[in-house]
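Peer 1: This is the structure, below, for whatever I ask next.
The values are calculated or read from the model by the stated rules, or taken from the named source; none is laboratory data. Remember, it's a predicted structure, so these values are computed and weren't measured experimentally. We place every Cβ from the backbone using ideal geometry, glycine too, and count neighbours over all the protein chains shown.
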Amino acid sequence: MAQQYQLFFVQRFKGKVLFDVPMSRYTSLGIGGPCDVMAFPQDESDLADLLAFASAKNFPVFPLGRGTNILVRDKGIRGIVVNMDEGFKEINWADVTAVVGAGVGLGELLKEAKTRGLGGLEFAVDIPGSVGGAVVTNAGAYGGEMKDVIEGIEVLNRKGKKGYVAAGELNFSYRHADVPKDSVIIRAHMRFEKKEPHLIGEKIKEFRTRRSENSPIRYRSAGSVFKNPPGGFAGRLIEEAGLKGRAAGDAQVSDVHANYIVNLGGAKARDVLSLMALIRDMVYKEKGVVLEPEIMVVGED
């Protein structure tokens with residue numbers, strides 16, 4: 001499969017490229033079969049060339065941030081995985097606004113915002129994802145979400161053409177944004193609020209303490225597995241269904257927070273999917289609630 005791609009990457013592509021690389025190396029769960037190609041575009045023109053090439057050859061494209069909210073199936077991903085983690089790291093500040101590259105980590109952005117006395121992103125403390133991925137999933141915690149700080153996004157489509165999508169067109173909802181199909185986020189336009197750095201620091205400390213008390217940090221995970229249903233909490237429902245600590249292979253419903261599935265060391269995607277199916281069945285049987293996945297499941301069975 002790699003031979004179909006090699007000429008383009010030798011002649012045109014400036015960034016790093018890997019072939020047949022296990023996705024387990026690039027996901028927070030440490031799970032996933034190989035992808036055909038993983039490309040790390042250096043800049044906008046590099047990405048535009050890559051997307052245009054993939055479109056012309058009809059190769060599938062999957063944008064990847066830091067792999068923190070996905071489960072890759074055991075047979076991996078066909079086509080090109082576009083890894084945004086090594087490019088698009090710029091942050092251009094202007095008073096209370098910033099244009100932020102999709103590859104910037106949320107933690108890095110929060111740290112710089114605090115230094116500048118800009119609040120609004122405190123909810124993102126210790127969320128390990130990138131800005132691009134956080135926008136796609138409308139990441140949030142403790143009453144805050146990405147929609148609260150996003151003014152718009154810049155994207156490149158499959159033909160390498162650039163566009164701007166205003167926040168109102170993204171139709172943000174719980175853990176979702178309507179990012180244009182077949183497009184890759186390259187930058188986010190964000191607006192913050194003036195706030196004393198020490199007050200930002202206090203809020204960060206509060207949220208960090210709450211997260212450390214309620215999140216399993218001993219083992220690898222992909223964060224919350226299911227969305228909270230209206231008026232309730234998925235973790236509480238899973239625990240009340242008696243599933244805390246339940247295991248399939250080396251995947252386990254965390255005994256710290258039941259809405260996390262952790263990798264005890266050698267878990268496969270099929271183990272996680274088995275637990276997810278069990279959780280949905282048992283919670284529906286016991287509580288009459290249908291849980292919707294929050295993590296994205298991708299790749300081949």
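Peer 1: Residues in the stretch 102-118: is at least one touching a residue at least 60 places away in the same chain (Cβ under 8 Å), touching a helix residue (DSSP H, G or I) at 6+ places or on another chain (Cβ under 9 Å) and over 21 Å from LYS205 (Cα atoms)?
Peer 2: yes
Peer 1: What's the total number of residues in the stretch 61-87 that are at pLDDT below 95 and part of a loop (DSSP other than H, G, I, E, B)?
Peer 2: 9
Peer 1: On to the next question. Taking the criterion of being at pLDDT below 95, outside any helix (DSSP H, G or I) and at positive phi, would at least one residue in the stretch 38-59 satisfy it?
Peer 2: yes
Peer 1: Counting only residues that are aliphatic (A, V, I, L, M) and out of contact with any Pro (no Cβ under 7 Å at 6 or more places or on another chain), which one in the stretch 81-103 is nearest to VAL184 (Cα to Cα)?
Peer 2: Only one residue tops the list, namely ALA102.
Peer 1: Which number in (1) touching a residue at least 24 places away in the same chain (Cβ under 8 Å); (2) over 27 Å from PRO22 (Cα atoms); (3) not acidic (Asp, Glu) marks the one condition that SER274 misses?
Peer 2: Tallying (1) touching a residue at least 24 places away in the same chain (Cβ under 8 Å); (2) over 27 Å from PRO22 (Cα atoms); (3) not acidic (Asp, Glu), SER274 fails exactly one: (2).
Peer 1: Okay, moving on. Cβ contacts < 6 Å: first residue in contact (Cβ under 8 Å) with a residue 40 or more places away in the chain, restricted to the stretch 40-52; second residue of a type in the set (Asp, Glu) and surrounded by fewer than 16 Cβ atoms within 10 Å (Cβ to Cβ), any location; separation 6+ or different chain. Result?
Peer 2: Within 6 Å, the pairs are PHE40/GLU86.
Peer 1: Checking the structure you have, find out if any residue of the stretch 11-26 is more than 15 Å from VAL82 (Cβ to Cβ) and of a type in the set (Val, Ile, Thr).
Peer 2: No: zero hits.
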